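> To start, I am sharing the structure in question, which I have written as structure tokens.
The values are calculated or read from the model by the stated rules, or taken from the named source; none is laboratory data. Fair warning: this is a prediction, and the values are worked out from it, not measured in the lab. So basically every Cβ, Gly included, is an ideal-geometry build from the backbone, and we count neighbours across all protein chains shown. These area figures cover heavy atoms from the full protein model, side chains too; ligands, DNA and RNA do not enter into them. Shrake-Rupley method; radii C 1.70, N 1.55, O 1.52, S 1.80 Å.
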Amino acid sequence: MRFFVDTAEIDAIKELHDLGMVDGVTTNPSLIMKSGRDIKEVTKEICDLVDGPVSAETVALDAEGMINEGRELAKIADNIAIKVPLTWAGLKACKTLSDEGRMVNVTLCFSANQALLAAKAGATFISPFIGRLDDINIDGLDLIADIRTIYDNYGFETNILAASIRTANHMSDCAKIGADVATAPPAVIKAMANHVLTDKGLDAFLKDWEKTGQKIL
Ligand code: G3P
């Protein structure tokens, strides 16, 4: 499963990138707002750092506006994936932009029907939002599983990009289901390393090592 980092914070991306944990980056208007930076400047900086797909989101509500914004964002770098919302206008923009050979990430997906439409519109990525479904007591992972089944039934090439990931368990659960990509905040990716028994075991090893009086260096 590819790991995308869901942030526009350069330092956080670099820290994980240096560990080989970054296969791509996703941003959205909220993450750009949080960064306090100009969208084109910060996105260019991310694209210079990361070779994989970097999602930059349009903000128009009509198809023509999304297409024009998408073409503008795509000028930033060759690895830009243009993000459009899962609306009818977004699907029209997706079809046009993907027909032009551009990577398109269709976002704000909350149902299997929406994901089916995005695949037929030629989406490179579909972004189902797990956490926001969980927030309303619907199991977001069930949606990932449903989309996986549907795409596999018909050989759709659209990549399932699990989004709105809130916990380390979401990451492993998406991997078990077979999501192609999971995009998560840096803290969630780092939390995947945490386990109380690892800490306890290391503490015990070092206490016993201290008793040997030895040093390795
Ligand atoms: O990529 C979508 C993600 O940023 C949304 O996450 O936690 O606001 O639902 P969240």
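> Given the options 115, 77, 204, identify the residue whose Cα lies farthest towards the positive end of the charge dipole of the chain (+1 on Cβ of Lys, Arg; -1 on Cβ of Asp, Glu).
Projecting each Cα onto the dipole axis, the largest value belongs to 204.
> What Kirkwood radius, in Å to one decimal, follows from the Cα pairs of the range 117-200?
On the way: mean 1/r = 0.0741 Å⁻¹.
Value: 13.5 Å, from the Cα pair sum.
> Karplus couplings for the range 109-120 from phi (6.51 cos²θ - 1.76 cosθ + 1.60, θ = phi - 60°), rounded to Hz, Gly and Pro as x?
9, 10, 8, 5, 4, 4, 5, 5, 5, 4, 5, 5
> Further question on the same structure: What is the percent carbon and sulfur in the accessible area of the chain, measuring with a 1.4 Å probe over the protein chains and ignoring ligands?
Values: 6170 of 11360 Å².
Taking all protein chains in place, the chain shows 54 percent carbon and sulfur surface.
> Output ³J(HN,Hα) for the range 193-199: one whole-Hz value per residue in order, computed from phi by the Karplus curve 6.51 cos²θ - 1.76 cosθ + 1.60 with θ = phi - 60°, and x for Gly and Pro.
7, 7, 7, 4, 6, 5, 4
> Tabulate in residue order the Karplus-calculated ³J(HN,Hα) for the range 52-61, using 6.51 cos²θ - 1.76 cosθ + 1.60 with θ = phi - 60°, rounded to whole Hz; enter x for Gly and Pro.
Taking θ as phi minus 60°, the curve returns x, x, 10, 7, 10, 9, 6, 10, 5, 9 Hz for the range 52-61.
> Share of antiparallel DSSP beta bridges in the range 2-192, in percent to the nearest 5? Show your work: numbers first, answer last.
On the way: 0 of 26 bridges.
Around 0 percent antiparallel, to the nearest 5.
> Where the convex hull is taken over the Cα atoms of the chain, what is its projected area averaged over directions, in nm²?
14.6 nm²
> With every protein chain left in place, what is the accessible area per residue of the chain in square angstrom, probe 1.4 Å?
On the way: 11360 Å² over 217 residues.
Counting only protein heavy atoms, the per-residue value for the chain is 52 Å².
> Between the range 1-24 and the range 159-201, what is the separation of their alpha carbon centroids in Å?
13 Å
> When the dipole is taken about the Cα centre of the range 9-127, and only Lys, Arg (+1) and Asp, Glu (-1) are charged at their Cβ, what size is it in debye, to the nearest 20? Provide the component values of the computation, followed by the final result.
Values: 12 positive and 18 negative charges, 98 e Å.
Value, rounded to 20: 480 debye.
> With +1 on each Lys and Arg Cβ and -1 on each Asp and Glu Cβ, and nothing else charged, work out how big the dipole of the range 14-60 is about its Cα centre, in Debye to the nearest 20.
Working: 5 positive and 9 negative charges, 43 e Å.
The calculated dipole for the range 14-60 is roughly 200 debye.
> What is the gain in length, in nm to one decimal, between residue 214 and residue 75 on full extension, counting 0.36 nm per residue of separation less the C-alpha to C-alpha distance?
Numbers: separation 139, 0.36 × 139 = 50.04 nm, distance 5.89 nm.
Working it through step by step, the gained length comes to 44.2 nm.
> What's the angle, to the nearest 10 degrees (0 to 90), between helix 140-154's Cα axis and the longest principal axis of the chain?
60 degrees
> Hey, another quick one. If I take all pairs of Cα atoms in the range 67-177, what percentage of them are more than 20 Å from each other? Don't skip to the end; give the middle numbers.
Values: 2398 of 6105 pairs.
Counting pairs separated by more than 20 Å, the tail of P(r) holds 39 percent.
> Fully extended, how many nm does the chain gain between residue 199 and residue 14 (0.36 nm per residue separation, minus their Cα-Cα distance)?
Working: separation 185, 0.36 × 185 = 66.60 nm, distance 2.58 nm.
That pair, residue 199 and residue 14, stretches by 64.0 nm at full extension.
> Here is a follow-up. At q = 0.12, 0.18, 0.19 Å⁻¹, what is the log10 ratio I(q)/I(0) for the range 50-131, with the Debye formula run over Cα points and no solvent?
Each listed q corresponds, in turn, to -0.28, -0.62, -0.69.
> Quote the charge dipole size of the chain about the Cα centre in Debye, to the nearest 20; the model charges only the Cβ of Lys and Arg (+1) and of Asp and Glu (-1). Kindly include the intermediate steps, with their values, before the conclusion.
Values: 22 positive and 32 negative charges, 34 e Å.
Once rounded to the nearest 20, the dipole reads 160 debye.
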